[in-house]
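Let me begin by presenting the structure, written as structure tokens, before commenting on it.
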Amino acid sequence: LMPVIILGGIYGGFFTPTEAAAVASIYGILIGFATRKLKLKDMWPLLVDSVSQTAVVMLIVGTASLFSYALTLTGIAADASSALISLTNGNRFIFLLIVNVILLIAGCFIDANSAMYIIVPILLPVARALGIDLVHLGCVMVFNLAVGLVTPPVGVNLYVGCGIAGIKLKEICKGVMPLIIASIIALLLVTYIEPIATFLPGLVANNLAA
């Protein structure tokens with residue numbers, strides 16, 4: 001039932017993805033106690049592990065936020081946005097291609113949260129100036145960074161897969177290459193056929209309005 005709770009809750013508008021994680025955690029704890037596979041003494045190690053993992057992520061987010069603030073304060077973000085507009089010459093397709101290239105490269109080396117904090121302040125003003133749907137841009141960015149999670153050398157999900165399967169990074173990299181190629185093809189479709197990205201949010205918004 002956990003996928004139903006998470007996805008159903010998010011798409012049904014009952015809670016945000018972050019809240020879905022909290023609800024799913026509570027559900028998992030209750031099921032653990034109900035089936036007697038989880039005991040009260042197990043809670044402390046679980047909490048310590050959760051806090052340590054959260055601390056790592058929040059440290060990354062905090063430093064990335066500071067860097068993003070520095071970019072904005074010094075005017076570098078604005079200059080970079082102006083340079084992008086000049087480079088694309090107002091062409092939306094070229095801009096979206098540049099977005100894909102930047103994010104695919106960034107995804108190979110930094111995690112998704114850091115990339116968002118650093119790159120969004122630069123890309124967002126350009127997207128607005130070119131009249132690009134921000135939902136579309138958001139979908140393209142998230143898709144890019146999702147691909148980055150499985151691209152070497154710093155694909156977080158690759159290391160998770162290595163730990164689960166007990167294999168080396170070199171082995172898993174060979175296995176994911178066809179999937180990365182398929183993902184890039186799907187990314188190009190989402191990038192250049194806007195309704196693929198905007199159809200579902202538009203449908204939900206229309207139903208809510210009705």
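The values are calculated or read from the model by the stated rules, or taken from the named source; none is laboratory data. Given the structure is predicted, the values throughout are model-derived calculations rather than measurements. In this analysis, Cβ positions are derived from the backbone assuming ideal geometry, glycine residues included, and neighbour counts consider all displayed protein chains. Accessible surface is based on the protein model in full, side chains and every heavy atom, while ligands, DNA and RNA are left aside. Shrake-Rupley method; radii C 1.70, N 1.55, O 1.52, S 1.80 Å.
So the label point goes 7 Å from the Cα of F109 along Cα→C-beta, right? Which residues of the range 153-189 then have their backbone N under 15 Å from it?
Output list for this probe position: 153-155.
With the full set of protein chains in place, find how many percent of the accessible area of the range 138-194 is carbon and sulfur; take the probe as 1.4 Å.
78 percent
With every protein chain left in place, what is the accessible area per residue of the range 35-153 in square angstrom, probe 1.4 Å?
Ligands and nucleic acids excluded, the figure is 59 Å² per residue.
What angle do you read, to the nearest 10 degrees and between 0 and 90, between the alpha-carbon axis of helix 134-148 and the longest principal axis of the chain?
60 degrees
So how tilted is helix 169-192 from the main axis of the chain? Cα-based, degrees 0 to 90, rounded to 10.
Result, in degrees: 50.
Measure off 7 Å from each Cα along the Cα-to-Cβ vector at V61 and V101, then give the distance between these two points in nanometres to one decimal.
So the label points at V61 and V101 sit 3.2 nm apart.
Under 8 Å for C-alpha pairs, at least 6 residues apart: give me the relative contact order for the chain, rounded to a whole percent.
Contact order relative to length: 16 percent.
Can you sort M43, M141 by solvent-accessible area, 1.4 Å probe, largest first?
On the way: M43 40, M141 10 Å².
Largest to smallest exposure gives the sequence M43, M141.
Using Cα atoms only, what is the angle between the long axis of helix 92-107 and the major principal axis of the chain, expressed in degrees (0 to 90) to the nearest 10?
Helix 92-107 sits at roughly 40 degrees to that axis.
Is there a quick way to get the dipole size of the chain? I mean about its Cα centre, with the Cβ of Lys and Arg at +1 and of Asp and Glu at -1; what is the value in debye to the nearest 20?
Numbers: 9 positive and 8 negative charges, 109 e Å.
I would put it at about 520 debye.
Round to the nearest 0.05 the FRET efficiency obtained for T74 and T16 when R0 = 35 Å and r is the Cβ-Cβ distance.
Result of the calculation: an efficiency of 0.60.
I'm spelling it out carefully: the read-out is log10 I(q)/I(0) by the Debye sum over Cα atoms at q = 0.09, 0.14, 0.19 Å⁻¹, the candidates are (i) -0.48, -1.11, -1.46; (ii) -0.44, -0.98, -1.39; (iii) -0.39, -0.92, -1.37, and one was derived from this structure. Which label?
Entry (i).
Within the range 81-125, which residues have the backbone N less than 15 Å from the label spot 7 Å out from T198 along Cα→beta-carbon, could you tell me?
From the range 81-125, the list is 92-93, 96.
Give the aspartates and glutamates whose C-alpha is closer than 15 Å to that of K41, dropping any in the same chain fewer than 8 places away, or say none.
Partners within reach: D49.
Carbon-plus-sulfur fraction of the accessible area of the range 36-94, 1.4 Å probe, in percent?
Carbon and sulfur together cover 70 percent of it.
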